[in-house]
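These notes concern the structure reproduced below.
Read the figures in this text as sums done on the coordinates, not as results from a lab. Here the structure is a predicted model, which means the values were calculated and not measured. No Cβ is skipped: glycine too gets one built from the backbone with ideal geometry, and neighbour counts run over all protein chains shown.
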Amino acid sequence: MRVRGNLRPERFWLELDGNTATAYFTENVKEIDESGDGESGFVGWEYDRYKIEKPYDDRLRTCIEEDIPGWIAYVKFNEKVDEAQKVHKRRNELIAATDWTVLPDVPLSTEAKQAWQEYRQALRDVDSDHIDTYPYNIVWPTPPDVE
């Protein structure tokens, strides 16, 4: 997640809440100065922040510090899997909401049935249509405006 803040972030930090530790990681840190021409604007830092919750263990900090790049890759992978599951769930909900269009006795014209069939296929193709950015930046197809 892209974040802005007034202070330069650490590469890694832990927050403890009882027996749970939340590990935060940052990448792509950039200093931002959007003020100019006598106008006020944001001045601070912009960066990608990732987090993961783990059961707290006295060795956790040391374990992470020994391989921060590996942990960042692990957290990013898990974030991508979680996002893909959300996309998959949403796609299935949208398809299920159109199941009525494929019933044999549905009172739709041939053109309308074809439009709904194409929409349903576009939903199934969402992952392959966005192969370079999946599961982010999904552009969902628009349902047909036919009856």
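Observations, loosely collected:
- Across the chain, Cα pairs under 8 Å and at least six residues apart give a relative contact order of 17 percent.
- Lys/Arg +1, Asp/Glu -1 at C-beta; the chain dipole; positive extreme among 60, 74, 143: 60
- Note on segment 68-147: with charges restricted to the Cβ of Lys and Arg (+1) and Asp and Glu (-1), its dipole about the Cα centre is near 340 debye.
- Label assignment, Rg/Rh (Cα atoms, Kirkwood Rh) derived from the structure, set [x] 1.05; [y] 1.18; [z] 1.15: [y]
- Extents of segment 1-66, taken as max minus min of Cα coordinates on every principal axis and listed largest first, are 51, 24, 16 Å.
- Residue (of 40, 94, 133) at the positive-pole extreme of the chain, dipole from beta-carbon charges: 94
- Cross-link partners of residue 51 among lysines (Cα-Cα below 21 Å; sequence separation of 8 or more within a chain): 30, 76, 80, 86
- Of the trypsin sites (Lys or Arg not before Pro) found in segment 53-112, the ones in coil according to DSSP and having at most 16 other Cβ atoms within 10 Å of their Cβ are 59.
- Label zone (residue 46, point 7 Å along Cα-to-C-beta; backbone nitrogen cut-off 18 Å) within segment 132-147: 137.
- Computed over segment 68-147, the P(r) tail beyond 15 angstrom holds 63 percent of alpha carbon pairs.
- Remark: the chain carries a charge dipole of roughly 380 debye about the Cα centre, counting +1 on each Lys and Arg Cβ and -1 on each Asp and Glu Cβ.
- Our helix-only sum for the chain, with -39,500 (n - 2.57) per DSSP H run of n ≥ 4 divided by its residues, gives a mean residue ellipticity at 222 nm of -12000 deg cm²/dmol.
- Length available on full extension from residue 39 to residue 60: 0.36 nm per residue minus the Cα-Cα distance, which gives 3.0 nm.
- Taken about its Cα centre, segment 1-66 carries a charge dipole of about 220 debye when Lys and Arg each add +1 at the Cβ and Asp and Glu each add -1 at the Cβ.
- Its relative contact order, with pairs defined as Cα atoms under 8 Å and 6+ residues apart, puts segment 62-147 at 30 percent.
- R0 of 35 Å, Cβ-Cβ distance residue 140-residue 10: FRET efficiency to nearest 0.05: 0.40
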